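Colleague: Provided herewith is a single structure, encoded as C-alpha cells, for subsequent inquiry.
The values are calculated or read from the model by the stated rules, or taken from the named source; none is laboratory data. Just so we're clear, the structure is a prediction, and the values are computed from it rather than from any experiment. Note that we place each Cβ from the backbone using ideal geometry, even for glycine, and neighbour counts take in every protein chain shown. Areas reflect the complete protein model, heavy atoms only, side chains present, ligands, DNA and RNA absent. Shrake-Rupley method; radii C 1.70, N 1.55, O 1.52, S 1.80 Å.
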Amino acid sequence: MRHVISIVMENEPGALSRVSGLFSARGYNIESLIVAPTEDHTLSRMTLVTSGSDSVIEQITKQLNKLIEVVKLQDLTENRFIEREMMLIKVKAHENTTREEMMRLSEIFRGRIIDVTDTVYTIELTGNSNKIDSFLEALGEKNIIEVVRTGVSGIARGNRSLKI
Amino acid sequence: MELTGAEITIRCLRDEGVEYIFGYPGGAALHIYDALHRQQEVMHILVRHEQGATHAADGYARSTGKPGVVLVTSGPGVTNTVTGIATAYMDSIPMVVITGQVPSNVIGQDAFQEVDTVGVTRPCVKHNFLVKDITKLAETIKKAFHIATTGKPGPVVVDIPKDITAQKTEYIYPDSVNIRSYQPTRRGHPKQIKKAVQALLTAQRPVIYTGGGIILGDAHEELTELVRLLGYPCTNTLMGLGGYPATDPLFIGMLGMHGTYESNMAMHDCDVLLAVGARFDDRVTGELAKFCPYAKIIHVDVDPSSISKNVPASIPVVGEAKLILKEMIESVKASELKPDDAAIKNWWQTIDKWRALDSFGYDQSDEVIKPQYVVEKLYELTQGDAFVTSDVGQHQMFAAQFYKFDYPRRWINSGGLGTMGFGLPAAMGVQLAHPDATVATITGEGSIVMCIQELSTCLQYDLPINVINLNNRYLGMVRQWQEFFYERRYSHSYMDALPDFVKLAESFGHVGLRIDKPGDVEDALKQAIADTGRLYFMDFVTDQTENVYPMIAAGKGHHEMHLKPDKVDAHDQRELA
C-alpha cells in the first residue's frame, strides 16, 4: 500500500543522504521525496512517498526514527490528510487549434499558463498526484514536450500537526 | 585560554576519561598527533594498519564496556577503518573514530588523500559528523561519545579537516549534551512488562533466549536472577555467551546454526519465548517459516527497529534490558501466579533427553590433534577465566562450543559481520585493558594472516597474548560447506604455500611453537599461559577434515539439525513435544 510519511529533521548537511541511503541500503521503495527548510531554520521538513506491506512500513518508520537527525515523523496515511504536488509542463502550441485546446484543458484542470511563445505554452498545475496524472493523460503524449513534477508534499487535516 | 583544534581534540578525549587511543598518523592528522606528543594523559597505541586500530579499540570496548577510540588520517586511513567500523556497527559496539580530513578549502577538489569520509562510512556508523566550525568541535566530540554509548551502542565517526585542527578557540567541554532528535527509551512500558510476566508464568514449555544486549547492557546479574527465580531453560546467542553462566544447569548452551541440539529443539518446541537483547539473526532462527511454530514471543530490546524485524513479537517491550529485567524480577516475585512446576519438570525431562545426546561430542584421537581438544584444554587450564578472542570460521565455532563462559565480556568475536582478521588486534585491546589477565586468540591459518602485521604492535607494547592457531591447511568452514553442499568440490579452500608460523613469530620477536601431537597440546598451552611476559604463537597442526557439528543448513528449521553422522539414530528417535 502507498504511504505518505512526513518527517521533521535537523537541517544539517547530509540529512537527506541519510534518508535516501537508508532506503537504498534496505531495499525500500521511494516513489518521491521532497525536502525544504521550515520557518524554523534549524529544521527541515520532508515528505516521502513509499509503498510496502504493513510490516515493511513499520520497519521504514522505525528505521527512519532511528536516524539521529530525525526529530519526529508521522505516517500521514494513518489519518485524513491533504497532499499536493506541483507540475511545470511545456506543451506544443503551434497551431490555433492546439493553442485553444491546450488553454481549455489547462483551465479545466485549474492550471495556469505562465509562459508563452508562438509554439509553446508552459503551464503550472497543482493538485494531488491523481489530478496531475489525469491532466497528463488528457494532454496526450504527443503534445507534451517536457514535464517537471515536485513530488508530493503532505499535511494532516484538522488539528493534528507535526510541530516541534 | 585558547587552544588549537588539535589540542581541543586531545583534551576532549582526556576529559572523557579515555585511557587509550588506537591509531596511525598521516598528513591530515599531523596537528592532532603533535598535540598528542605534548601530553601524557592519553596513551596512543601505534598499530600497523588502520583496520587493526578499529579492532583493537573494539576489543577494548567489548572487554571493558567503555567506548573504544580510534585516530587515523584521511583517505586510505579512513577506508582502511571501514571493515573495523562495520564490525563494531553490526555488533553494536561503542566506538568513536576520529579521522583527519584534508583542509576545508580543498574538500571536494580531489586533494591528496581525500575521501568523502562521511559518505564512505555512513552506511556502517550509528552517526557521523564533519566538523566545519572550530567552536563546535568540543561539543561535537561530546555528542559523539554520547551517541556511541547510549541506547543501542555503535560506532560514531568525527571527521576533522586539517585547518580546523590548527585554528584556535576557547576550550569548554560540556558535561552533558541533550540532542532533541535522539532520546532513546530507557524504561519498559509497565503494561507490556506485566503482560510479559503473565505469559512467562503461564508457560508450559518456556525458553529464555538472550543475546549481546545482555552483555552490552550489563544485565547479566538480572538475567541470572530471573532465570533462577523461574527455573526456566536459558540459551545464549553467539554474541550473548557469558550473559548467563555456561556451567549452570539451567543453561542449555548456545543456539542457532552450530548451537546445541537441546537449545534448538527447545526453541522449536517452546510455547513461550522470552527474547532479551537478541535480534533474531538468520544464523539463530534458521528458516523463518519454521521458526518457533508454537511460541508466543516476548521481545525485549532497546532498539525498536529490532522488534518484529524478522519475527513478529506478540509482546514487544522497548527499553534497557537491565531495567526491564529488574522490573520483571519484582513482578514475578509479587505475582500470585507461580510457574507450573509439573509442566516445567516435564519440560526439563524432555530437554535432558536431548541434552544426553551430547551433540558437540567428538572423537578424540591419539594421532592427530582435534581442534575441539585444544579449546577444551585451554578451558581447563584457564579454569574458564581467560579472555578469549576469535577470528571467523570453524575455530570460532569450536571456541564458542567448548569454552564455557561464566562471565560476560570474556568472549570477544565478530558475530554480525563475521570479520576474519579480527581476533589478534581485538586481543591487543583486551590485553591493554586487562594487563594481568590471560588473553587468548583462537584463530586459524586463514584468518590470522589477515591482520598478522599486528604482531609487531604486540611486541612494541609487550602484550603477552596466547595465539592459538588451529591450522588445518584449509579455510575450514568453506571446506565444510563445500563438502556438504558442493559435492566436495573444494574450490580455493586449500591453503597452499603457508608460512612457517614459528619462524614468522620469531621474526616478529615472539615465541613460536609448532605442535602436531595430541600429547603435546597441554604442555604447550601451559608453557604459554605461564609465561606472562611474552607472546606465544602456537601453531597447532589439526585434523584437516574435522567438521563443526551439529549444523542447521540453509532453509532448515531448528528441528532439522544436521548431526554428527554417528548421532543420527538418536535424532530420528526424537519425541515430538
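Colleague: Just the residues that are hydroxyl-bearing (Ser, Thr, Tyr) and either closer than 18 Å to B:His127 by Cα or within 12 Å of chain B (Cβ to nearest Cβ) (or both), please, taken from region A:23-49. Even if it seems obvious, please write down each step before you answer.
Modeller: Pass one, region A:23-49, residues hydroxyl-bearing (Ser, Thr, Tyr): A:24, A:28, A:32, A:38, A:42, A:44, A:47.
Passing the criteria: A:Ser24, A:Thr42, A:Ser44.
Colleague: Continuing with the same structure: Looking only at residues that are part of a loop (DSSP other than H, G, I, E, B) and touching a residue at least 60 places away in the same chain (Cβ under 8 Å) in region B:331-357, which one is most open to solvent (accessible area, probe 1.4 Å)? Give the steps one after another, and end with the answer.
Modeller: Going residue by residue through region B:331-357, those that are part of a loop (DSSP other than H, G, I, E, B) are B:335-340, B:356-357.
Next, only the ones that are touching a residue at least 60 places away in the same chain (Cβ under 8 Å) stay: B:335, B:337-340, B:357.
Values: B:Ser335: 28, B:Leu337: 64, B:Lys338: 117, B:Pro339: 27, B:Asp340: 57, B:Leu357: 26 Å².
Of everything passing the filter in region B:331-357, B:Lys338 is most open to solvent (accessible area, probe 1.4 Å).
Colleague: Those residues that are open to solvent by less than 50 Å² (accessible area, probe 1.4 Å), farther than 30 Å from B:Gln460 by Cβ and part of a loop (DSSP other than H, G, I, E, B), I need them from region B:529-563; list them, please.
Modeller: If the condition is that a residue be open to solvent by less than 50 Å² (accessible area, probe 1.4 Å), farther than 30 Å from B:Gln460 by Cβ and part of a loop (DSSP other than H, G, I, E, B), then B:Asp543, B:Glu546, B:Asn547, B:Val548, B:Tyr549, B:Pro550, B:Ile552, B:Ala553, B:Gly555, B:Gly557, B:Met561, B:Leu563 are the ones that fit.
Colleague: Show me the strands (runs of 3 or more DSSP E) found entirely inside region B:101-174 where at least 1 residues are within 30 Å of the chain's Cα centre (by Cα), surrounded by 19 or more Cβ atoms within 10 Å (Cβ to Cβ) and within 11 Å of chain A (Cβ to nearest Cβ).
Modeller: Details: elements: B:127-130, B:155-161, B:168-170.
In region B:101-174, the matching strands (runs of 3 or more DSSP E) lie at B:127-130, B:155-161.
Colleague: Return the only residue of A:Ser161, A:Ser153, A:Ser134 being closer than 24 Å to B:Arg180 by Cβ, among the small types (Gly, Ala, Ser) and either within 14 Å of chain B (Cβ to nearest Cβ) or surrounded by fewer than 17 Cβ atoms within 10 Å (Cβ to Cβ) (or both). Before you say what the answer is, go through the steps one by one.
Modeller: On the way: A:Ser153 fails: either within 14 Å of chain B (Cβ to nearest Cβ) or surrounded by fewer than 17 Cβ atoms within 10 Å (Cβ to Cβ) (or both); A:Ser134 fails: closer than 24 Å to B:Arg180 by Cβ.
Just a single option satisfies the conditions, and that option is A:Ser161.
Colleague: Exactly one condition in (1) among the basic types (Lys, Arg); (2) farther than 30 Å from B:Lys126 by Cα; (3) surrounded by fewer than 17 Cβ atoms within 10 Å (Cβ to Cβ) is false for A:Lys72; which is it?
Modeller: With respect to (1) among the basic types (Lys, Arg); (2) farther than 30 Å from B:Lys126 by Cα; (3) surrounded by fewer than 17 Cβ atoms within 10 Å (Cβ to Cβ), A:Lys72 is out only on (2).
Colleague: Residue check, A:Ser53 against (1) in the same structural domain as A:Ser17 (by TED's automatic domain parsing); (2) open to solvent by less than 20 Å² (accessible area, probe 1.4 Å); (3) out of contact with any His (no Cβ under 9 Å at 6 or more places or on another chain), all met but one. Which one?
Modeller: In the conditions (1) in the same structural domain as A:Ser17 (by TED's automatic domain parsing); (2) open to solvent by less than 20 Å² (accessible area, probe 1.4 Å); (3) out of contact with any His (no Cβ under 9 Å at 6 or more places or on another chain), A:Ser53 misses (2) alone.
Colleague: Continuing with this model, one more query. In the set B:Gly242, B:Gly231, B:Gly211, which member is out of contact with any Phe, Trp or Tyr (no Cβ under 6 Å at 6 or more places or on another chain) and open to solvent by less than 10 Å² (accessible area, probe 1.4 Å)? Full working, then the answer.
Modeller: Working: B:Gly242 fails: out of contact with any Phe, Trp or Tyr (no Cβ under 6 Å at 6 or more places or on another chain); B:Gly231 fails: open to solvent by less than 10 Å² (accessible area, probe 1.4 Å).
Going through B:Gly242, B:Gly231, B:Gly211 in turn, just one is out of contact with any Phe, Trp or Tyr (no Cβ under 6 Å at 6 or more places or on another chain) and open to solvent by less than 10 Å² (accessible area, probe 1.4 Å): B:Gly211.
Colleague: Quick test for you: out of B:Ser305, B:Ser263, pick the one residue that is closer than 30 Å to A:Ile68 by Cβ and either open to solvent by less than 10 Å² (accessible area, probe 1.4 Å) or among the hydroxyl-bearing types (Ser, Thr, Tyr) (or both).
Modeller: Details: B:Ser263 fails: closer than 30 Å to A:Ile68 by Cβ.
Unique residue meeting the criteria: B:Ser305.
Colleague: Kindly provide the set of residues from region B:456-509 that are under 27 Å from the mean Cα position of the chain (by Cα), among the hydrophobic types (A, V, I, L, M, F, W, C) and open to solvent by less than 50 Å² (accessible area, probe 1.4 Å), ordered by number.
Modeller: B:Cys458, B:Leu463, B:Ile465, B:Val467, B:Ile468, B:Leu470, B:Leu475, B:Met477, B:Met495, B:Phe501, B:Ala505
Colleague: Only residues that are within 11 Å of chain A (Cβ to nearest Cβ) and touching a strand residue (DSSP E or B) at 6+ places or on another chain (Cβ under 6 Å): list them for region B:306-315, please. Before the answer, list the steps.
Modeller: Restricting attention to region B:306-315, the residues satisfying the condition of being within 11 Å of chain A (Cβ to nearest Cβ) are B:306-312.
B:Ile307 - this is the single residue of region B:306-315 that is within 11 Å of chain A (Cβ to nearest Cβ) and touching a strand residue (DSSP E or B) at 6+ places or on another chain (Cβ under 6 Å).
Colleague: Can you find, within region B:362-384, the residue that is nearest to B:Gly242 (Cα to Cα) among those that are loosely packed, with under 15 Cβ neighbours inside 10 Å and out of contact with any Lys or Arg (no Cβ under 7 Å at 6 or more places or on another chain)? Please lay out each step first, then the result.
Modeller: Applying the first criterion (loosely packed, with under 15 Cβ neighbours inside 10 Å) to region B:362-384 yields B:363-367, B:380, B:383.
This time we only want the ones that are out of contact with any Lys or Arg (no Cβ under 7 Å at 6 or more places or on another chain), so: B:363, B:365-367, B:380, B:383.
Numbers: B:Asp363: 27, B:Ser365: 30, B:Asp366: 32, B:Glu367: 33, B:Glu380: 17, B:Gln383: 14 Å.
By that ranking, first place goes to B:Gln383.
Colleague: What's the number of the condition B:Thr185 fails, among (1) more than 14 Å from every other protein chain (Cβ to nearest Cβ); (2) farther than 30 Å from B:Ala28 by Cβ; (3) hydroxyl-bearing (Ser, Thr, Tyr)?
Modeller: Checking B:Thr185 against (1) more than 14 Å from every other protein chain (Cβ to nearest Cβ); (2) farther than 30 Å from B:Ala28 by Cβ; (3) hydroxyl-bearing (Ser, Thr, Tyr), the one that fails is (1).
Colleague: Another question, if that's okay. Looking at (1) open to solvent by 40 Å² or more (accessible area, probe 1.4 Å); (2) within 23 Å of A:Asp40 (Cβ to Cβ); (3) not assigned by TED's automatic domain parsing to the domain that holds A:Leu16, can you tell me which one A:Arg104 breaks?
Modeller: (2)
Colleague: Would you point out the residue of region A:1-22, among those that are in contact (Cβ under 8 Å) with a residue 60 or more places away in the chain and more than 9 Å from every other protein chain (Cβ to nearest Cβ), that is nearest to the chain's Cα centre (by Cα)? Before you say what the answer is, go through the steps one by one.
Modeller: So the first thing to find is which residues in region A:1-22 are in contact (Cβ under 8 Å) with a residue 60 or more places away in the chain, and the list is A:1-10.
Next, only the ones that are more than 9 Å from every other protein chain (Cβ to nearest Cβ) stay: A:1-7.
Values: A:Met1: 17, A:Arg2: 13, A:His3: 12, A:Val4: 10, A:Ile5: 11, A:Ser6: 11, A:Ile7: 14 Å.
Applying the filter and picking the extreme gives A:Val4.
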